[in-house]
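*Asks:* One structure follows; several queries about it will come next.
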Amino acid sequence: MDRKFDVLIVGSGVAGLYTALNLREDLKVAIITKTTLDECNTYLAQGGISTALNKADEEAFVEDTLKAGQYKNDVKAVRILAKESIENINILEKMGVDFDKKGESFDYTREGAHRVNRIVHYKDYTGKRVFQTLSFEVKKRKNIKVIEECSMIDLLSKDNKVLGIIGVKDKESFNIRAKVVILATGGIGALFKNSTNQKTITGDGISIALKHNIKVKNLQYIQFHPTGLYEENKVGRNFLISESLRGEGAKLINKNKERFIDELLPRNVVAAAILKEEEKTKCPYVYLDISAMDKEFVVNRFPGIYKGCLERGVDITKGFIPVTPVQHYFMGGIDVDEFGRTSMKNLYATGEVSCTGVHGANRLASNSLLEALVFSRRATKDINSNIDFIDLLDSAFHMNLTEAYEFMEDNKKVALNKFKEVLGDKKNELVSC
Ligand SMILES: Cc1cc2nc3c(=O)[nH]c(=O)nc-3n(C[C@H](O)[C@H](O)[C@H](O)COP(=O)(O)OP(=O)(O)OC[C@H]3O[C@@H](n4cnc5c(N)ncnc54)[C@H](O)[C@@H]3O)c2cc1C
């Protein structure tokens, strides 16, 4: 079933869907996604989306992002992020995302290392709400075709120019040709034993980039979230206890019920303090305590976390929550410029798979959904104005199913080996170590 489109998007998280919606409606667009449309990290996002509050807050937002990123950030990209934040939040609102409000204004919340409350949210399942709105809009668009249960296993390319992809669907390998391909394949969490990420997020964009000598950047910058729920007999991914609990006043205590850190410091600092405490107390977790807060507030503000913990035997309104640091986010990725362009011609990357340089060495809380929005939209501005000058070229590479599955396994090995190399003493966290 070989197919052709003007634009092919790989991935159906916020980056893939928002890109599709910002492309010209006269373009024939396809979104392919590995499993079902909703199986993406975007669906899981709890805390919210950062935004400058107004023009006057832009510089403070930039400074908070740089400080959290240990000044390893690309300052130009951070300035773009802050400057274009409000317009993208407004676009989401116009599309139908009903962020929580206090009167006429957003009910801004706060997470570690933001100096003011500047995070918009929908209760504690912002990602799901954003996903629902974007996917609803995508399904309405006649020019966008969604292909589920379809995995990209390689790019079709010639002379460093992308021509399409090789994919697998319904136990068949096939080609999709396109003038422009956008990688929106998300992060690398499923390569780790303990991660908050979906199990399908295996760093495919990175391995394919490595195989094609597409430039990648900052692969060593991997974020461990301080507060994954600790479960002795965990099945699947780690349940996340959002930083916004600490933003609303939850305290971290060790097994002797002593507080040991300012909860609102950047994630890497809090995660390091927790690991030190676990070592000191010889206990594989510490506790997060929100039980002193009003029960009604906690249940209404954090319904997803309340329910998720209750299902796992923890009532957060009554007892302590056992937590420990787990892999969460990838600041590095495919090197892109401020329009999402990679080092391969006509190939773009947006969202967590890309490295715009916005996050530096450590992501400031709630900056990733915003990065995906801002830079996806910028990529589409570039594509919308240039695609008429790009030809759809002929290309084909067919393989049988056995070869295709071997290719997929090899992709995973390439990513694992690369991260083994860059992770140093943390490499034991990987699935195959
Ligand atoms: C539990 C959790 C909570 C979070 N909370 C927040 C938050 O509050 N605020 C915030 O800003 N960020 C948060 N994040 C981070 C944020 O959710 C992600 O960075 C963001 O959603 C990434 O979006 P994306 O579109 O790049 O990738 P994803 O949403 O992960 O989507 C990737 C897509 O690519 C597809 N794909 C991958 N490989 C292939 C392939 N080979 N072929 C076909 N399709 C493929 C997947 O199926 C999926 O559809 C959170 C993350 C997690 C895990």
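The values are calculated or read from the model by the stated rules, or taken from the named source; none is laboratory data. These figures come from a predicted structure and were not determined experimentally. Cβ coordinates were reconstructed from backbone atoms using ideal geometry, including for glycine residues, and neighbour counts include every protein chain displayed. SASA here: full protein model, heavy atoms, side chains in, ligands and nucleic acids out. Shrake-Rupley method; radii C 1.70, N 1.55, O 1.52, S 1.80 Å.
*Asks:* P(r) for the range 186-314, please, calculated from all Cα pair distances in 5 Å bins and given in %.
*Replies:* 2, 9, 16, 19, 19, 15, 9, 6, 4, 1, 0
*Asks:* Additional query: Loop only by DSSP, 12 or fewer other Cβ within 10 Å of the Cβ. Give me the trypsin sites (Lys or Arg not before Pro) in the range 250-305 that pass, ordered by residue number.
*Replies:* K257, K282
*Asks:* Counting pairs of Cα atoms in the range 313-433, how many percent are more than 18 Å apart?
*Replies:* 70
*Asks:* Ignoring ligands, DNA and RNA, what percent of the accessible area of the chain is carbon or sulfur (1.4 Å)?
*Replies:* It is 48 percent, rounded to a whole number.
*Asks:* In 10 Å bins starting at zero, report the fraction of Cα pairs in the chain per bin as a rounded %.
*Replies:* 5, 22, 33, 25, 12, 3, 0
*Asks:* Next up: Eigenvalues of the Cα gyration tensor times 5, then square-rooted: what semi-axes does that give for the range 333-384, in whole angstrom, largest first?
*Replies:* Semi-axes (√(5λ), whole Å): 19, 12, 7.
*Asks:* Let me ask another. Taking the Cα-to-Cβ direction at E232 and at N160 and moving 7 Å from each Cα, how far apart do the two end points lie in nm?
*Replies:* Result for the modelled spin labels: 5.7 nm.
*Asks:* Here is a further query. Work out, step by step, the length gained on full extension between C283 and E149: first 0.36 nm times the residue separation, then minus their alpha carbon distance; give nm to one decimal.
*Replies:* Length gained between C283 and E149: 44.1 nm.
*Asks:* Using the C-alpha gyration tensor of the range 201-242, what are the square roots of 5 times its eigenvalues, in whole angstrom, with the largest one first?
*Replies:* Values for the range 201-242, descending: 30, 13, 7 Å.
*Asks:* Estimate the FRET efficiency between F389 and E311 by the formula 1/(1 + (r/R0)^6), using the beta-carbon distance for r and 60 Å for R0, to the nearest 0.05.
*Replies:* Rounded to the nearest 0.05, the efficiency is 0.65.
*Asks:* Report Rg(Cα)/(2.2 N^0.38 Å) for the range 365-433, keeping two decimals.
*Replies:* Expressed relative to 2.2 N^0.38 Å, the Cα Rg reads 1.74.
*Asks:* Moving on to the next point. What does the range 60-118 give for Rg and for Dmax, in Å, if only its C-alpha atoms count?
*Replies:* 13.3, 38
*Asks:* Once you compute Rg and the Kirkwood Rh from C-alpha atoms, what is the Rg to Rh ratio for the range 204-277?
*Replies:* Rounded to two decimals, Rg/Rh equals 1.11.
*Asks:* Calculate, axis by axis, the spread of Cα positions in the range 166-248 along the three principal axes, and write the results as whole Å, longest axis first.
*Replies:* Dimensions of the range 166-248 along the principal axes of its Cα atoms: 48, 32, 22 Å.
*Asks:* OK, next. Along each principal axis of its Cα atoms, how long is the range 1-55 end to end? Whole angstroms, biggest number first, please.
*Replies:* Per principal axis, max minus min of the Cα coordinates gives 46, 28, 11 Å.
*Asks:* Can you work out D for the range 59-163 in µm² s⁻¹ from Stokes-Einstein, where Rh is the Kirkwood radius over C-alpha pairs, the temperature is 10 °C and the viscosity is 1.306 mPa s?
*Replies:* So the translational diffusion coefficient is about 93 µm²/s.
*Asks:* Mind giving me the nanometre distance, one decimal, between the label points for N213 and E409, set 7 Å out from Cα along Cα→Cβ?
*Replies:* 2.8
*Asks:* Let me check I've understood the local charge: for V286, count other residues with C-beta under 13 angstrom from its C-beta, Lys and Arg +1, Asp and Glu -1. What total comes out?
*Replies:* Computed value for this residue: +2.
*Asks:* Sticking with this one: Using all Cα-Cα distances in the range 5-91, what percent lands in each 5 angstrom bin from 0 up to the longest?
*Replies:* The calculated distribution, bin by bin, is 3, 12, 17, 16, 17, 17, 11, 6, 1.
*Asks:* In terms of solvent-accessible area of protein heavy atoms at a 1.4 angstrom probe, what is the ranking of D74, D294, highest value first?
*Replies:* D294, D74
*Asks:* Next question, about the same structure. Accessible area per residue, 1.4 Å probe, Å², for the chain: what's the number?
*Replies:* For the chain, the solvent-accessible area averages 41 Å² per residue.
*Asks:* Relative to the compact-globule scaling 2.2 N^0.38 Å, provide the ratio for the alpha-carbon radius of gyration of the range 108-246.
*Replies:* 1.30
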